[in-house]
4 protein chains.
Amino acid sequence: MTDEQERTSAEPVRVGVLGARGRMGIEVCKAVDAADDLELVAMVDQGDGLFAASDAGAEVVVDFTTPDVVMDNLHWCIDQGINAVVGTTGFTEQRLDRVRGWLARKPGVGVVIAPNFGIGAVLMMQFAARAARHFESVEIIEQHHPRKLDAPSGTATHTARQIARARAEAGLGPVPDATRDEVPGARGAEIDGVRVHAVRATGLVAHQEVLFGTTGETLTIRHDSYDRASFMPGVLLAVRAVRNRPGLTVGLDTLLD
Amino acid sequence: MTDEQERTSAEPVRVGVLGARGRMGIEVCKAVDAADDLELVAMVDQGDGLFAASDAGAEVVVDFTTPDVVMDNLHWCIDQGINAVVGTTGFTEQRLDRVRGWLARKPGVGVVIAPNFGIGAVLMMQFAARAARHFESVEIIEQHHPRKLDAPSGTATHTARQIARARAEAGLGPVPDATRDEVPGARGAEIDGVRVHAVRATGLVAHQEVLFGTTGETLTIRHDSYDRASFMPGVLLAVRAVRNRPGLTVGLDTLLD
Amino acid sequence: MTDEQERTSAEPVRVGVLGARGRMGIEVCKAVDAADDLELVAMVDQGDGLFAASDAGAEVVVDFTTPDVVMDNLHWCIDQGINAVVGTTGFTEQRLDRVRGWLARKPGVGVVIAPNFGIGAVLMMQFAARAARHFESVEIIEQHHPRKLDAPSGTATHTARQIARARAEAGLGPVPDATRDEVPGARGAEIDGVRVHAVRATGLVAHQEVLFGTTGETLTIRHDSYDRASFMPGVLLAVRAVRNRPGLTVGLDTLLD
Amino acid sequence: MTDEQERTSAEPVRVGVLGARGRMGIEVCKAVDAADDLELVAMVDQGDGLFAASDAGAEVVVDFTTPDVVMDNLHWCIDQGINAVVGTTGFTEQRLDRVRGWLARKPGVGVVIAPNFGIGAVLMMQFAARAARHFESVEIIEQHHPRKLDAPSGTATHTARQIARARAEAGLGPVPDATRDEVPGARGAEIDGVRVHAVRATGLVAHQEVLFGTTGETLTIRHDSYDRASFMPGVLLAVRAVRNRPGLTVGLDTLLD
């Protein structure tokens, strides 16, 4: 427990949850409830009024709702001076700009919007981007359950793009590859010059490995996600940090520094 | 050291090496020389006469030569009553039949011909074939240095075929896969219905992973080969076994039982 | 789906579950219910009479109860001519002998008693025992959640003992190890001469890796268990097989052949 | 190839090697020789005079010698205004202070002294230290060939210490561990509260895995070193950077930023 957490534990942060009966919302309520330094003061879902959160004195609201209501929710929070942590998807640059506009008029309020609250996944991508310019070879192998519709995963595609950008900045050329005789698909998909392999098997949950290679050595960064609860440490991290971060923060990255 | 090895160590097996100055031949000579229960009595290469081996009293000859001379070498060994262990490539069914014909006339002589002397690789394939009928999902990921010309590797293709056959025998249908939206190549190459992914990176040597999955669990069999010396335990195993195995033995499999 | 399964699917096997409201029993009921070739005809738990199973025409009974009632349950099943698949723990050699005695008087009835229904775990141990005599080095690394009380796990200890026996039979001496300067515990626990390392970390479920090494290569067999459902394919395998296996079968091993 | 490398490739950096006939020195000579932007101008070993390097116009000297001569070599280089990259071991704080003293009188000269030139190993340690404060669990598994005398390895011990420091700074308490019944050694060695497991097996070279865990997810950072050549990219990185880094730089870390 950090110094900051200990200090505030005398007076827990009051937290409201929007989308409290959804899959993620239920997990957030459980996690907030279990944390000594946080207090769950409002559980709001479809049909409930947002004022349940302000009436209960929520200092931070966590929003795992849907793209069609999240903008109204956020506008209302900022108006009320309530900080917000948002895991709802569908944020375009245009939407982010509107949020920035609302925040400009409420300088004390903080909003954290993150597409991925998995601390492990975010660190994996950070480390991959950082390692990228030191290795001439790199490939990504992601592994998921066989009910997944897209291949490769969004996280793998995002990782590949970040690696490609880091390589370009470091002046690295193409990855060495002498393959001349390939059964189609063997060498994977190419995302901005980075090879990505998608494995699908019953029993798997969500896993990703980034393999870097240079003369005589390899460095592998692997993330294994076993269940939805894996997002909770990231959500709690944001809940604890958002009151000290006025304005808009996009992504968990800066909160991890 | 096994009982058998200890017993025979009093009187080491006399071994000749054909192709003794080739890459593999050099390793074989070193390995035979280092083994207490074997004695290196002849090193034969291009330009030397085969009779150097028989004159030296070789009981077993190891042949790592080339497809164009190996049949003559074998014919000569069998005629001389010398057992042979052969790692030279290029054996078709027709060639194997000719060897069987020569052996039929020399009932005491044994010949072991193996495409792969890596004990680890052979066991990996055996285990994979055995596990195949108990798991609804299976995929292969092979990883090699980037100078390799073919993708996937011959070992991966061979493993996929053995798995496919075992699945068919067990009445298993296709591997489950809901992928609808694929960047071309992401899901790998398809070999007899088994997905195979080929990773290439500087620093890697030769590695293969077979991943099996069923409800709630996965089983992974992984083989890592670090250098050419990895074939030597298999060669020595064959050298020790061949005198007790008259006739033709193809592959290391049966010697491992 | 195998030929046998297809044939019997016209007439599903009638299955009763004892301990139906326990953690494992609930999973068994779900799994039987979901299988096309099986029919769940009785769910029996504490307070219910066993005759609910025979009245419902159960051909196979699955028992996940407790050591204090399982012997009575089994005696009753055998008397009734109902085949049984037993996952309840606590079977000593003495208890197994009593079961054999009961079965001797009912030659048509089959009983399968298994300490572990995870197909992956059972295959891992089989493969490990088989590989053991071909590699001079071997170590086990098991990884579990940090709430586990014992280290190493029962499965790891059992695997180590099987490996040690296989090494002894092959005449292998001690594993090579030049360690002279060791921080206590670094080299793990020694179980019959095999080093076993127990890793504990939040986020992990139940995992085990057996690493074999010889000159220039390693072979790794890894099992990952993600949830309790992983035992169900093994339970169903036994349910399908037990009617054709009169007498007592201990362990899943022979059913996998 | 980076912009900087391309620019300087018109006029290669002139490099001398001290300890040129040692194991590492031979590799350095090969690596310098193979790099387009570097020129090997002097190979100096025991019995040769150091002035061979200055006479040949060396701008950078690489020193892989022994602790008893390295201080004299460095003093001479700094006096001559030649930059130095040093992989020789045995540098205490006292020795580093003496080097700093010599450099104070030669403000344009740069010296890089690194205990480990493996880029992968250095990044692994950096990433581990950075991830440490975000995960409640962490363990280290290092794997080496069985001829190694110490367990755990120096790199593993160093990594554990860095992780322990990062955890302390973040206010994290002890790693959760409910183990009550342990076969001695199963839970590994304890280095500053971090559990470290040392695996030894024939076939392995030098490998290390750092496993982090939190609710529902794990993050693994793994480094595999296959041969001595793996240090060369780090040596060349230092050779290219040292002329622009006057004063003393200890460790490869800052050069990787």
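The values are calculated or read from the model by the stated rules, or taken from the named source; none is laboratory data. Source: prediction; values computed, not measured. All Cβ positions, even for glycine, are placed from backbone atoms using ideal geometry, and neighbour counts span all protein chains on display. Keep in mind that these areas ignore ligands, DNA and RNA; they rest on the heavy atoms of the full protein, side chains included. Shrake-Rupley method; radii C 1.70, N 1.55, O 1.52, S 1.80 Å.
Which of rounded, prolate, oblate describes the stretch A:208-257, given a ≥ b ≥ c as roots of the alpha-carbon gyration tensor eigenvalues and a/c under 1.5 marking rounded, otherwise prolate only if a/b is larger than b/c?
The shape class here is oblate.
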Check: Taking every DSSP beta bridge that has both residues in the protein assembly as shown, what percent is antiparallel when rounded to the nearest 5?
Finding: 45
Margin query: Please find, among residues of chain B, the one with the beta carbon closest to the rotation axis relating it to chain C, distance in whole Å.
Written below: B:PHE127, 2
Next item on the list: Label the stretch C:197-236 by shape, choosing from rounded, prolate and oblate, from the square roots a ≥ b ≥ c of the eigenvalues of the Cα gyration tensor; if a/c is under 1.5 it is rounded, and otherwise prolate applies when a/b is larger than b/c, oblate when it is not.
Entry: oblate
Note to self: If I ignore ligands, DNA and RNA and count only protein heavy atoms, how much of D:ASP227 is accessible to a 1.4 Å probe, in Å² to the nearest 10?
What the structure shows: 80
Notebook entry, point to check: Could you give the dipole magnitude of chain B about its Cα centre, charging the beta-carbon of Lys and Arg +1 and that of Asp and Glu -1, in debye to the nearest 20?
Noted result: 460
Next item on the list: Positive end of the charge dipole of the stretch A:147-257 (Lys, Arg +1 and Asp, Glu -1 on Cβ, about the Cα centre): tell me which of A:PRO233, A:VAL196, A:ALA186 has its Cα farthest that way.
Entry: A:PRO233
Item checked: Isotropic mean projected area of the C-alpha convex hull, the stretch B:109-257 (nm²) -> 10.6
Next item on the list: Rounded to whole Å and ordered largest first, report the semi-axes of the equivalent ellipsoid of the stretch B:1-131 derived from its Cα gyration tensor (root of 5λ).
Entry: 22, 21, 16
Item checked: Charge dipole (chain C, unit charges on Cβ, about Cα centre) - positive-most of C:ILE119, C:HIS158, C:TRP102 -> C:HIS158
Notebook entry, point to check: Taking only the alpha carbons of the stretch B:71-196, what extent do you get along each of the three principal axes, in Å, biggest first?
Noted result: 63, 38, 25
Margin query: Once each part is reduced to its C-alpha centroid, what is the distance from the stretch A:183-257 to the stretch C:68-89 in angstrom?
Written below: 49
Next item on the list: Name the most mobile residue of A:VAL44, A:VAL183, A:VAL69, meaning the one with the largest mean-square fluctuation, in a Gaussian network model of chain A with Cα contacts below 10 Å.
Entry: A:VAL183
Margin query: For a test of the definition: using alpha carbon positions, the gyration tensor, and the 1.5 limit on a/c, classify the protein assembly as shown as rounded, prolate or oblate.
Written below: oblate
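Please state the charge dipole magnitude for the protein assembly as shown, taken about the Cα centre, from unit charges on C-beta atoms (+1 on K and R, -1 on D and E), reported in debye and rounded to the nearest 20. Let's see the in-between values first.
Working: 104 positive and 140 negative charges, 2 e Å.
Charge dipole of the protein assembly as shown: 0 debye, to the nearest 20.
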Next item on the list: Go ahead and set up a Gaussian network model of chain C, Cα springs under 10 Å, then flag whichever of C:GLU39, C:GLU209, C:GLU217 fluctuates most.
Entry: C:GLU217
Next item on the list: Mind ranking D:PHE64, D:PHE231, A:PHE135 by accessible surface for me, highest first, 1.4 Å probe?
Entry: D:PHE231, D:PHE64, A:PHE135
Next item on the list: Working from Cα positions, state the angle (0 to 90°, nearest 10) between the long axis of helix B:67-80 and the longest principal axis of chain B.
Entry: 50
Next item on the list: Using a 1.4 Å probe and counting only protein heavy atoms, arrange C:GLU27, D:GLU93, A:GLU139 so the residue with the most accessible area comes first.
Entry: D:GLU93, C:GLU27, A:GLU139
Check: What FRET efficiency do you get for B:LYS30 and C:THR66 if R0 is 56 Å and r is their Cβ-Cβ distance, rounded to the nearest 0.05?
Finding: 0.40
Next item on the list: Would you mind telling me which residue in C:LEU149, C:LEU211, C:LEU50 has the biggest mean-square fluctuation in a Gaussian network model of chain C, where springs connect alpha carbons within a distance under 10 angstrom?
Entry: C:LEU149
Next item on the list: Please work out the Kirkwood hydrodynamic radius for chain B, using every pair of different C-alpha atoms, and report it in angstroms with one decimal place.
Entry: 20.1
Item checked: Length-normalised contact order for the stretch D:1-144 - Cα pairs under 8 Å, 6+ apart - percent -> 18
Check: Percent relative contact order of chain C, based on C-alpha pairs within less than 8 angstrom and at least six residues apart?
Finding: 22
Note to self: How high is the relative contact order of the stretch C:192-257? Use alpha-carbon pairs under 8 Å, at least six apart in sequence, and give a whole percent.
What the structure shows: 21
Notebook entry, point to check: Using alpha carbons only, how many degrees (0 to 90, rounded to 10) separate the axis of helix D:23-34 from the longest principal axis of chain D?
Noted result: 60
Next item on the list: For A:THR89, tell me the accessible area in Å² from a 1.4 Å probe, rounded to the nearest 10.
Entry: 90
Checklist line | Rounded percent of accessible protein surface that carbon and sulfur make up, chain C, 1.4 Å probe | finding: 48
Check: Considering only chain D, what is the antiparallel percent among its DSSP beta bridges, to the nearest 5?
Finding: 45
Checklist line | 0 to 90° range, to nearest 10: angle between helix C:93-104 axis and chain C longest Cα axis | finding: 30
Check: Rounded to the nearest 500, what is chain A's calculated 222 nm mean residue ellipticity when only DSSP H runs of at least 4 contribute -39500 (n - 2.57) each, over all residues?
Finding: -10500 deg cm²/dmol
